[in-house]
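Here it is, the structure, as structure tokens.
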Amino acid sequence: HNVFGFDQQNSLVTMHQFDSMGFVPASPATGTWNDSELVLERSSPRGAARVTYVFEGADTYRMRLQFKPSGSDAWQGMVSGLYRRVAPSEMKEG
């Protein structure tokens with residue numbers, strides 16, 4: 001789960017993450033907007049994580065999560081997706 005905020009003093013978007021895997025970040029990811037793209041990064045002793053959100057309109061965005069292990073210079077793709085808002089009547093059961 002992600003909770004977004006804004007650090008007004010430093011003009012940074014913040015993203016606090018909570019999960020059940022046991023890897024609770026010591027500090028939030030931080031980042032900035034560049035047009036319709038939001039890029040946030042955070043570091044830990046295990047490495048660095050970067051999440052990119054690209055908004056393609058009012059109802060569509062793409063998300064890409066990358067990880068760079070400690071001691072590495074290469075970002076590795078972890079997960080990506082395309083997300084679209086649909087009307088409840090468009091959702092199908094089963």
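A short reminder: the numbers here are calculations on the coordinates, not readings from a lab. Given the structure is predicted, the values throughout are model-derived calculations rather than measurements. Note: ideal-geometry Cβ built from the backbone for every residue, glycine included; neighbour counts use all protein chains shown.
Please return the longest stretch of the chain lacking exposed loop sites, where chymotrypsin sites (Phe, Trp or Tyr not before Pro) count only if DSSP places them in a loop and at most 15 other Cβ atoms lie within 10 Å.
In the chain, the maximal stretch lacking such sites is 24-74.
A further question follows. Rounded if a/c is under 1.5, else prolate if a/b beats b/c, else oblate: with a ≥ b ≥ c from the C-alpha gyration tensor eigenvalues square-rooted, which is segment 2-90?
prolate
Here's another thing I want to ask about it. Nearest 20 debye, what's the magnitude of the dipole of the chain about its Cα centre given +1 on Lys and Arg Cβ and -1 on Asp and Glu Cβ?
In debye, rounded to 20, the chain gives about 240.
Order these by the 10 Å Cβ neighbour count, fewest first: 1, 16.
Fewest-to-most Cβ neighbours within 10 Å comes out as 1, 16.
Toward the positive end of the charge dipole of the chain, about the Cα centre and with charges on Cβ (Lys, Arg +1; Asp, Glu -1), which of 66, 1, 29 goes farthest?
Ranked along the dipole, the leading option is 66.
Okay, moving on. Are there GluC sites (Glu not before Pro) in the chain that DSSP puts in a loop and that have at most 15 other Cβ atoms within 10 Å, and which ones?
Of the GluC sites (Glu not before Pro), the ones in loops of the chain whose Cβ has at most 15 other Cβ atoms within 10 Å are 93.
Right, something else. What's the exposure ranking of 15, 21, 63, going from fewest to most Cβ atoms within 10 Å?
Ranked by crowding around the Cβ, least crowded first: 21, 63, 15.
Which loop trypsin sites (Lys or Arg not before Pro) in the chain, with loop taken from DSSP, have no more than 15 other Cβ atoms within 10 angstrom of their Cβ?
Those satisfying the criteria are 46, 85, 92.
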